[in-house]
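Below is one structure, written out as structure tokens; comments come after it.
The values are calculated or read from the model by the stated rules, or taken from the named source; none is laboratory data. Quick caveat: nothing in here was measured; it's all calculated off a predicted structure. All Cβ positions, even for glycine, are placed from backbone atoms using ideal geometry, and neighbour counts span all protein chains on display. To get the accessible areas, we keep the full protein, side chains included, count just its heavy atoms, and leave off ligands, DNA and RNA. Shrake-Rupley method; radii C 1.70, N 1.55, O 1.52, S 1.80 Å.
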Amino acid sequence: MAHRWKFARVGGFDQVQLRTGQDLVSIGELDQKLWVALACPIKGLELDERTLSLIDTDKDGRVRASELIAATKWVAEVLKDVDVLAKGSVSLALSAIDDEEDEGKLLLKSAKKILKSLGKPDAKEISVADMKDAIGAFEKEKLNGDGVVPPETAEDATLKKVVEDGLSCTAAPPKDKSGKDGLDEAATKDFFE
């Protein structure tokens, strides 16, 4: 059954009202001729830029209709009740995550792991601030998943020496998320050729 939309006349235009979580996750059903905009920049808005950049899957600096629809579809799959989206809270109760399917199980497991790493193993909710703190802490880790290998990440002296030698042959080595010089795939390709 199609979602029933409510509209308001604003500035001489009829605009859809997004007031409930169901309104948000049903956005894909709304005829795009009725959308106010089919794309928006990820910078310069009052919305969280990091969240918008996650929705911007093609990384072109704009969130397009198809990307927003995909994001709302995913959210509908991992939450028990989509109306938590309309509450405007900066945190999400762990109990709101639907762990009946694999994606929800992974999300819940990740949220608990993040909270545990922040010293909050008994927390019942995860906030935007928790996520930012966790990302900041993760980026300082030796192995942070960015693909850049500083010498400090080497597990033995020989490997450390190889990375240091590679850095000495690299004009402009890439920076690790922690800010240290390191080697990445492109640098190592040149080093070993």
Requested in this report: Collect the residues in region 166-186 that are open to solvent by 60 Å² or more (accessible area, probe 1.4 Å), more than 20 Å from residue 135 (Cβ to Cβ) and either at pLDDT 85 or above or assigned to a loop (DSSP other than H, G, I, E, B) (or both), keeping them in residue-number order.
Outcome: 168, 169, 171, 172, 181
Query raised in the report: Can you name the strands (runs of 3 or more DSSP E) wholly within region 59-148 that have at least 1 residues being under 30 Å from residue 173 (Cα atoms) and either of a type in the set (Gly, Ala, Ser) or open to solvent by 30 Å² or more (accessible area, probe 1.4 Å) (or both)?
Result: 62-64
Query - Tally of residues being in contact with a Leu (Cβ under 7 Å, 6 or more places away or on another chain) and closer than 18 Å to residue 88 by Cα across region 1-26 - result: 3
Report task. Determine, yes or no, whether residue 33 is of a type in the set (D, E, K, R) and either over 30 Å from residue 136 (Cβ atoms) or surrounded by 13 or more Cβ atoms within 10 Å (Cβ to Cβ) (or both). Result -> yes
Report summary line: Scanning region 17-30 for residues that are open to solvent by less than 80 Å² (accessible area, probe 1.4 Å) and part of a helix (DSSP H, G or I), the one nearest to residue 73 (Cα to Cα) turns out to be 25
Query - Search result, residues across region 36-46 that are surrounded by 13 or more Cβ atoms within 10 Å (Cβ to Cβ) and under 22 Å from residue 5 (Cβ atoms) - result: 38, 39, 40
